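The structure appears below as structure tokens.
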Amino acid sequence: MSLILCIETSTTNCSISIGRDGQLLALKEINSKNFSHSEQLHTFIKELLNSEDISIKELSAVSISKGPGSYTGLRIGVSAAKGLAYALNIPLISVSTLLCLAKQVEITKGLIIPMLDARRMEVYSEIFDASFESKREIKAEILEETSFQIELEASEVHFIGTGVEKFQEICHHPNALFHKEKLPSAKEQYPIAKRKFDDNIFEDVAYFEPYYLKDFVSN
């Protein structure tokens, strides 16, 4: 039996889920523009476990969204996940934030490009095909009118995430489809974490760090 707690804090969405043996049991999340993770995260975990009548000592593993994303959000989530994994002596699993975001779009052809807002006209993005295979590595890039033109000329492209709104303002290609107001969620994280658990793909609790992609820059 596997019981996995999943934590997502890479954006303004504080999201927690728990799943057992391939089935998502419960999800709790709140999107606060003020980044409420430090106040909400541990309360959410306790409430979610209580709602399912699960003791924290029953957990088989803890999974964390590893980034890219908000520096502060990632740091809070990873610290919590590492603390739980260490205290409970259970495996730590990390899952790509952009893959979780891409999983919110189901297509049979074309591409999915999850993009998270960085600063000004910059985004963190990756390119996936309809089978969620990565076709291009994660990049921090400045959006321009010509961004993703090769992909757009070849097929429909679904853009999703917090960077969508600013790209939609400058991209008018007929093959561009925009999924607005979508955030990474622990809901999509669980199935990925379950596969990693089954394959024994774990992180070193002592040395694991979030995938920030860029150095921290204060506002």
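Any read-out appearing in this document is the output of simple, stated calculations on the displayed coordinates, not a laboratory observation. The model shown is predicted, which means the values in this text are computed figures rather than measured ones. Cβ sites come from the backbone with ideal geometry, for glycine too, and all protein chains shown count toward neighbours.
Once both axes come from the Cα atoms, what is the angle between helix 186-198 and the longest principal axis of the chain, in degrees from 0 to 90, rounded to 10?
70
Could you tell me the largest-minus-smallest coordinate of the C-alpha atoms of the stretch 88-219 on each of the three principal axes, in descending order and whole angstroms?
51, 40, 23
Hey, what's the Cα Rg ratio for the stretch 84-150 versus the globular rule of thumb, 2.2 N^0.38 Å? Please report the intermediate quantities before stating the final value.
Details: Rg = 15.2 Å, N = 67, 2.2 N^0.38 = 10.9 Å.
Compared with the compact-globule rule of thumb, the stretch 84-150 sits at 1.40.
Quick one: divide the alpha-carbon radius of gyration of the stretch 14-105 by 2.2 N^0.38 Å and tell me what you get. Can you show the working numbers first?
On the way: Rg = 13.0 Å, N = 92, 2.2 N^0.38 = 12.3 Å.
Here the answer is 1.06, to two decimals.
Setting aside same-chain residues fewer than 8 positions from Lys103, which lysines have a Cα under 20 Å from its Cα?
Lys28, Lys66, Lys135, Lys139, Lys180, Lys182, Lys187, Lys194, Lys196
For the stretch 46-158, take the convex hull of the Cα atoms, compute a quarter of its surface area, and give me that in nm², please.
Details: hull surface 35.8 nm².
Computing the convex hull of the Cα atoms and averaging its projections yields 9.0 nm².
Please identify the GluC sites (Glu not before Pro) of the stretch 21-91 that satisfy two criteria: DSSP loop assignment and at most 16 other Cβ atoms within 10 Å. Which are they?
Values: sites: Glu29, Glu39, Glu47, Glu52, Glu58; in loops: Glu52.
For GluC sites (Glu not before Pro) across the stretch 21-91 that sit outside H, G, I, E and B with at most 16 neighbouring Cβ atoms in 10 Å, the list reads Glu52.
Considering only the stretch 105-179, what is the antiparallel percent among its DSSP beta bridges, to the nearest 5?
Working: 11 of 19 bridges.
So the antiparallel bridges in the stretch 105-179 amount to around 60 percent.
Compare the peptides 4-17, 161-174 by average per-residue count of other Cβ atoms within 10 angstrom and give them in order, highest first. If you can, show how the numbers build up before the last one.
Values: 4-17: 27.2, 161-174: 17.1.
Peptide ranking by packing, descending: 4-17, 161-174.
In whole Å, how far is the Cα centre of the stretch 53-121 from that of the stretch 122-160?
21
Kindly put Met1, Met115 in sequence by how many other C-beta atoms sit within 10 Å of each C-beta, fewest to most. Write out the running numbers ahead of the final one.
Details: Met1 6, Met115 25.
By the 10 Å Cβ count, ascending: Met1, Met115.
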